[in-house]
Amino acid sequence: MLQLITLQMGQYCIGFDLKKVVKVIAAQSILQLHEKSAFVEGLIDFQGEIIAVINMYQRLNIVSKNEISL
């Protein structure tokens, strides 16, 4: 049976296969990079492992609530 972890992103509900999720961690400070992809926010050091932080709103071209002008 497929089990999903879901996130609400704007008007979309995004699901990830729970078997592929390694860990969900609390937010922490992000090391900013000078040269990076448009959707890469930076890097974090998690227990000695360097992990890229991806902005899923930008990666999936979803307008976030912060970007909506009324």
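Here are the numbers for the structure shown:
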{"read-out": "Amide hydrogen neighbours beyond the local backbone of Met9, cut-off 5 Å, H modeled", "value": "Ile14"}
{"read-out": "Lys/Arg +1, Asp/Glu -1 at C-beta; the chain dipole; positive extreme among Val40, Gly10, Ala52", "value": "Gly10"}
{"read-out": "CD proxy at 222 nm, helix term only [per DSSP H run n ≥ 4: -39500 (n - 2.57); per residue of the chain; nearest 500]", "value": "-1000 deg cm²/dmol"}
{"read-out": "Relative contact order of the chain, defined on C-alpha pairs under 8 angstrom at six or more residues apart (%)", "value": "22"}
{"read-out": "Nonlocal amide H pairs with Glu41, under 5 Å, H built at 1.01 Å", "value": "Val53, Ile54, Asn55"}
{"read-out": "For the chain, with +1 on Lys and Arg beta carbons and -1 on Asp and Glu, the positive-most of Leu31, Asn61, Val21 along the dipole", "value": "Val21"}
{"read-out": "Cβ charges +1 (Lys, Arg) and -1 (Asp, Glu), total dipole of the chain, debye", "value": "220"}
{"read-out": "Karplus-derived HN-Hα couplings along the stretch 49-58 (A = 6.51, B = -1.76, C = 1.60, θ = phi - 60°), whole Hz, x at Gly and Pro", "value": "9, 7, 10, 6, 9, 9, 7, 5, 4, 6"}
{"read-out": "Hz values of 3J(HN,Hα) by residue in the stretch 29-38 - Karplus curve (6.51, -1.76, 1.60), Gly and Pro given as x", "value": "5, 10, 6, 6, 10, 6, 10, 7, 5, 4"}
{"read-out": "Positive minus negative residues near Leu43 (Lys, Arg vs Asp, Glu; Cβ under 12 Å)", "value": "-2"}
{"read-out": "Long-range HN-HN contacts of Leu4 with modeled amide H, under 5 Å", "value": "Leu18"}
{"read-out": "Sum of side-chain charges, Ser29 neighbourhood, beta-carbon under 13 Å (Lys, Arg +1; Asp, Glu -1)", "value": "-2"}
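Every number here is computed from the coordinates shown, using simple stated rules; none is lab data. Remember, predicted model here, so these are calculated numbers, not experimental data. When we count neighbours, we look across all protein chains shown, and the Cβ atoms used for this are built from the backbone with ideal geometry, even at glycine.
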